[in-house]
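Some notes on the structure that comes next.
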Amino acid sequence: MVNDNLVDNIVSEPYKYGFVTEIESEKISKGINEDIIRLISSKKNEPEYLLNFRLNAFKKWQAMEEPDWADLGYEAIDYQDIIYYSAPKQQEKITSLDEVDPKLLETFDKLGIPLTEQKRLTNVAVDAVFDSVSIATTFKEQLAEHGVIFCSISEAIKDHSDLIEKYLGSVIPASDNYFAALNSAVFSDGSFVYIPKNVTCPMDLSSYFRINSGDSGQFERTLIIAEEASSVSYLEGCTAPMFDTNTLHAAVVELIALDDASIKYSTVQNWYAGNEQGVGGIFNFVTKRGKCIGKRSKISWSQVETGSAITWKYPSCILLGEESVGEFYSVALTNNLQQADTGTKMIHIGPKTKSTIVSKGISAGKSSNSYRGLVKIGSKAKGARNYSQCDSMLIGDKAAANTFPYIQSQQSNSEVEHEASTCRISEDQLFYLQSRGIEFEEAVSMMVSGFCRDVFNQLPMEFAAEADKLLSLKLEGSVG
Amino acid sequence: MKSKKETKKPLLEIHDLFASTENLTILKGVNITINPGEIHAIMGRNGCGKSTLSKIIAGHPSYEITGGKIKLSGTDIEPLEPEERAQAGIFLGFQYPIEIPGVSNLEFLRVATNARRKFLNKEELDTFEFEDLVKEKLEIVKMEPTFLDRSINQGFSGGEKKRNEILQMALLEPKIAILDETDSGLDIDALRIVASGIKKIANENSGIILITHYQRLLDEIKPDFVHVMANGKIIKTGNSELALELEKNGYEWTDKFIDKT
């Protein structure tokens, strides 16, 4: 047991992405109603079908109730007190990066995501989303040579309406849940990816989401389609300034994998988490789901969740195609008064489908961290297999960890294996490392990284290093 | 005039040391002085305070010094954190080395070695330089390099754990190494490997404390001094002959030396 006085003093490293960009933005009035939705749609010059998609979602949302089954406690969200559209003021039509407000470029520079041609990352194409709009997408032309479409979803709605009409909402219908319905009604921007048949995307694609405005919600929507025998690795990063109010983030991500296609989706979520007293921070209610439609298709989710005051997120896989594969690798770290209820759903429908779940929850401070996962084996999923491993690590004695595994099987010829463990960093382990000259905090971070290694190994290389660093930063001072 | 043979300053001085844990006094006035190049053995029954003494020197947070002093090369170490003591050259070989899942042995050894090197104002070693160094040291304890890829002590046999301790000692080059029952749980072959490792590391500038129950380790490594501990104190000190006498007569024979007051 770690001494009480060792863990009492819980302070997080100051959040280094907490700055606000002073930029004039165009905001619509607060609140949500049919007119607001029409306004958003018209601001974006959307085709009729999309307006209908939104209005239909809004109707469904109005008839729904906010879910309360998660192990989360927070003050009720006033949906009429949120601004649903906020965009930095800039020229109507931007044709090149030179026309983007330098302040915006500077913002992304500061976040470590340079967008200009001289400085941009050479091996990753980036779609940068600032509040409600996509600012820029790099390497578009180079990707287009391979037939890969990578653009903001707003552009896709205009230029690739056939794909949007076919797939938008096909994995997560508006009626799916409260937050998905809200997103479907008001989503402002997000990323769109299309990988044509037999193409291995020549570079990693990534979206960087930045919330800047304090009173507007962010509702982005991402759609990734991988055609037969194609593959793509997609990375997502998020940060927000420090405000003492809570900001709602309700995103929807849909992935579609056809025969032999594979999508790897990695997230490092570092939204502002609120201060040590639990004031402020992002409310993160996200619906992410992939559909393995094709035979032998594969969807792999990896996430490192370190931010947000509230996290409600269950990246899932619907395993439809024969021998399709779903994976979920997650590290969720909570500190101070953060609350996370996160996990996955693996829905096995096709025969010989396989899924792997590795979840590592780390709770420090007075935080609460729950894993909630469903493994469902349908009646036709003969020979389906699942392996789940859910480990929790407690740092100090005021944090809580819970595991809620749900297993439903309608097929006797299937295998579901579940392992769970809870550990506490013991004083003896810390003393052992210290007695070899390793500083206390480094000892803690070594043990935490060690605990997360199975998941970090699944992340793209640059991301793994970043995630490791991020965890150490987040935990700095949390045990000392 | 300077004497021809420079008098060496003591490495470790333990003076009238009292210590307790959870309000229980365990050490009741321990005195030991260790000079460079000396090997001391501390023997005694279970519960006599041998392991506590070693943990106190290393700075275990569960124990509290309630009286007396511990000095390393003349400096009081009480205010130092365990990691600072280690960096300054105190090494504790654990009786039960701790398993740390997920943390690679290699990475651990490298971070520890660099922490010590940094203290000594030596350049820190990068991954490649360290691998060369560690391969050299592996020979001392006859370990395979595959050992390095495993998590710290996880799934190691008793002998492997102890050899890993000696490997750490070899890398850290401590001023004072306290080896707490490093011989326990070892078969004869493993004991020989461990003992010959310790002998290879021992040098005229450092001191070693062997805490043990058995003569067989002392057959391999001949101590300069043997201390018998009972009831939180050192009740008798002698040379290596004393250990042989103990082996012959048992601890009961030493009971007469216990100060009953």
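The values are calculated or read from the model by the stated rules, or taken from the named source; none is laboratory data. Just so it is clear, the structure is predicted and the values come from calculations on it, not from any experiment. Don't worry about glycine lacking a Cβ; one is built from the backbone with ideal geometry, like all the others, and counts go over all protein chains shown. Accessible surface is based on the protein model in full, side chains and every heavy atom, while ligands, DNA and RNA are left aside. Shrake-Rupley method; radii C 1.70, N 1.55, O 1.52, S 1.80 Å.
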Run A:GLY281 past the list (1) out of contact with any Leu (no Cβ under 8 Å at 6 or more places or on another chain); (2) closer than 30 Å to A:GLU75 by Cβ; (3) open to solvent by 10 Å² or more (accessible area, probe 1.4 Å) and report the number of the one that doesn't hold.
(3)
Positions within the range B:183-202 being under 20 Å from B:ALA112 (Cα atoms) and part of a loop (DSSP other than H, G, I, E, B), in sequence order:
B:ALA202
Quick one: A:GLY290 ticks every box in (1) within 22 Å of A:GLN218 (Cα to Cα); (2) open to solvent by 10 Å² or more (accessible area, probe 1.4 Å); (3) at pLDDT 95 or above except a single one, so which number is it?
(2)
So which residues in the range A:351-375 are more than 18 Å from A:GLU305 (Cβ to Cβ) and surrounded by 23 or more Cβ atoms within 10 Å (Cβ to Cβ)?
A:THR353, A:SER355, A:VAL375
Suppose we keep only residues that are assigned to a strand (DSSP E or B) and under 24 Å from B:SER51 (Cβ atoms) within the range B:86-108. Which one would you say is farthest from the chain's Cα centre (by Cα)?
B:ILE100
Filter result for A:ILE362 (in a strand (DSSP E or B) and closer than 20 Å to A:LYS288 by Cα):
no
Residues located in the range A:426-455, provided they are within 17 Å of B:ASP149 (Cα to Cα), within 7 Å of chain B (Cβ to nearest Cβ) and in contact with a Leu (Cβ under 8 Å, 6 or more places away or on another chain)
A:MET446, A:MET447
Residues of the range B:109-137 being at the interface with chain A (Cβ under 9 Å from one of its Cβ atoms) and under 19 Å from the mean Cα position of the chain (by Cα), which ones?
B:LEU109, B:ALA112, B:THR113, B:ALA115, B:ARG116
Mind checking whether some residue in the range B:154-165 is in contact with a helix residue (DSSP H, G or I) (Cβ under 8 Å, 6 or more places away or on another chain), part of a loop (DSSP other than H, G, I, E, B) and modelled with pLDDT of 95 or more?
no
Could you list, in sequence order, the residues of the range B:109-125 that are part of a helix (DSSP H, G or I) and not aliphatic (A, V, I, L, M)?
B:ARG110, B:THR113, B:ASN114, B:ARG116, B:ARG117, B:LYS118, B:PHE119
Selection within the range A:329-345 - among the hydrophobic types (A, V, I, L, M, F, W, C) and either part of a loop (DSSP other than H, G, I, E, B) or more than 17 Å from the chain's Cα centre (by Cα) (or both):
A:LEU337
Find the helices (runs of 4 or more DSSP H) located wholly in the range A:132-190 whose residues include 2 or more that are under 22 Å from A:SER231 (Cα atoms) and free of Cβ contacts under 8 Å to residues at least 60 places away in the same chain, and list them.
A:140-145, A:161-167
Only listed residue being open to solvent by 30 Å² or more (accessible area, probe 1.4 Å), at the interface with chain A (Cβ under 8 Å from one of its Cβ atoms) and touching a residue at least 24 places away in the same chain (Cβ under 8 Å), chosen from B:PRO82, B:PRO97, B:PRO101
B:PRO101
